[in-house]
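Report on one structure; see the data block that follows.
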Amino acid sequence: MLPEVELPSVDMQASLGGVPMVSPVLTASGCASFGRELDPFFDLTSIGAVVTKSVQLRPRSGRATPRMAETPSGMINSIGLQGPGIDGLLADELPWLAERGVRSLVSIAGARTEDFAELAERLRGAPGVLGIEVNISCPNVESRGEVFACNPDASAAVVAAVRAAADPAHPVYAKLTPDVTDIVSVARACADAGANGLSMINTLLGLVIDPDTMRPVLGGVTGGLSGPAIRPVALRCVWQVHAALPNVPILGMGGIRTGLDALQFILAGAGAVSVGTAVFNDPSAPARIHAELADALGERGFGRLADAVGYAHRAPDEGSPGRHR
């Protein structure tokens, strides 16, 4: 048996809109509520940040049950943004995280541009907030239910309002939907409007029908598809946006279960990743994926995570990773 080769130490420091993080791995919004459920399984301070469930101005009970169903290589959900509202977040959830030294990326959602701006303003001075993730994949009641992120102008309006209302120290990341013809145009509109970065991607809209009842499985009929089944779509989106906007930071997500999955997103252009559906099967997944990603980078000759970001876009003759130690 060959002796084990000790891998070189890899600098795993990442950043979110210029704000340093100890790890490039975050949770994904909606899959771990506000972090309490994962606390028994690993040290939440060891990852980049806990991304909260999308919070709205008022408490929300969510959509009718059933709300979740398994699908091949993934799951579909129609939770309906159930949550405590901004008052509950500020009174209970953020203080709990801050007391433990855990930083949060707060996801906000609304039906009107003004809702997003008010939420961003309410988060000024809140303890432990690293930044704001703007969930523009919500229906826009002012445009007959059209999702904000399907329209570059609507997306830009929300981002501009949030950037103007938010604490200047809070990076603002716009969360994009893949359910568009041209995701680059939406990404560019968000960046031009002041987004410090982009979260990619949200779930894909899907449907499951029960062959026995012959009716849709979910109470809300359609829902968001997540898990490994959407990873190729997510990678395509990250690749396209990084190629078009190489200086815009990307938080990549979509079906990440292992360090090698995360590595693909880094190579495609993401500077950090969010882990979501995987925690339902393995609540320690974010910490495990951080360690696996570090090993994968070291095995490929990278001394720093930063040197691997977008590496797959380089021409073959631009040198090997070993040059960047």
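The values are calculated or read from the model by the stated rules, or taken from the named source; none is laboratory data. On a predicted model such as this, the values are computed, not experimentally measured, just so you know. Here Cβ is always computed from backbone atoms with ideal geometry, including for glycine, and neighbour counts include all displayed protein chains. For accessibility, only protein heavy atoms count, side chains too; no ligands or nucleic acids. Shrake-Rupley method; radii C 1.70, N 1.55, O 1.52, S 1.80 Å.
This model, with +1 at the C-beta of Lys and Arg and -1 at the C-beta of Asp and Glu, gives the chain a dipole about its Cα centre of some 300 debye. For segment 150-181 versus segment 281-318, the spacing of their alpha-carbon centroids is 28 Å. Exposure check, 1.4 Å probe, all protein chains in place: Met214 carries approximately 150 Å² of accessible surface.
Only protein atoms count toward the accessible area here, which uses a 1.4 Å probe; on segment 173-226, the carbon and sulfur part of that area reaches 54 percent. Exposed loop positions in the chain were taken to be GluC sites (Glu not before Pro) whose DSSP state is not H, G, I, E or B and which have at most 16 other beta-carbon atoms within 10 angstrom. Between these positions, the longest stretch is 7-325. Here is how the number arises for the chain: DSSP H runs of 4 or more residues each give -39500 (n - 2.57), the sum is divided by the residue count, and the result at 222 nm is -8000 deg cm²/dmol. A simple spin-label model places pseudo-atoms 7 Å from Cα toward Cβ; at Met214 and Asp282 they are separated by 4.2 nm.
Got a number for carbon plus sulfur as a percent of segment 263-318's accessible area, 1.4 Å probe?
Carbon and sulfur together cover 49 percent of it.
Accessible-area rank, largest first, for Lys53, Lys175: Lys53, Lys175, with all protein chains present and a 1.4 angstrom probe. Ordering Asn247, Gly298, Val25 by the projection of their Cα atoms onto the charge dipole of the chain, which places +1 on the Cβ of Lys and Arg and -1 on the Cβ of Asp and Glu, puts Asn247 at the extreme positive end. Beta bridges assigned by DSSP with both partners in the chain are antiparallel in approximately 45 percent of cases. Surface composition of segment 45-170: carbon plus sulfur atoms contribute 49% of the solvent-accessible area (1.4 Å probe, protein chains only, all chains present).
Among DSSP bridges having both ends in segment 90-193, what percentage is antiparallel? Round to the nearest 5. Show your work: numbers first, answer last.
Details: 2 of 11 bridges.
Taking every DSSP beta bridge within segment 90-193, about 20 percent pair in antiparallel fashion.
Of the residues Ile79, Ile108, the one with the largest accessible area comes first in the ranking Ile79, Ile108, computed with a 1.4 Å probe on protein heavy atoms.
Across the alpha-carbon atoms of the chain, the computed radius of gyration and Dmax are 19.1, 67 angstrom. Per residue, the chain exposes 44 Å² of accessible surface when a 1.4 Å probe is rolled over the protein heavy atoms with every protein chain present. Placing +1 on the Cβ of every Lys and Arg and -1 on the Cβ of every Asp and Glu, with nothing else charged, gives segment 119-206 a dipole about its Cα centre of roughly 200 debye. Here segment 1-130 is treated as a sphere whose radius is the Kirkwood value from Cα pairs; by Stokes-Einstein at 20 °C and 1.002 mPa s it diffuses with a coefficient of 129 µm²/s.
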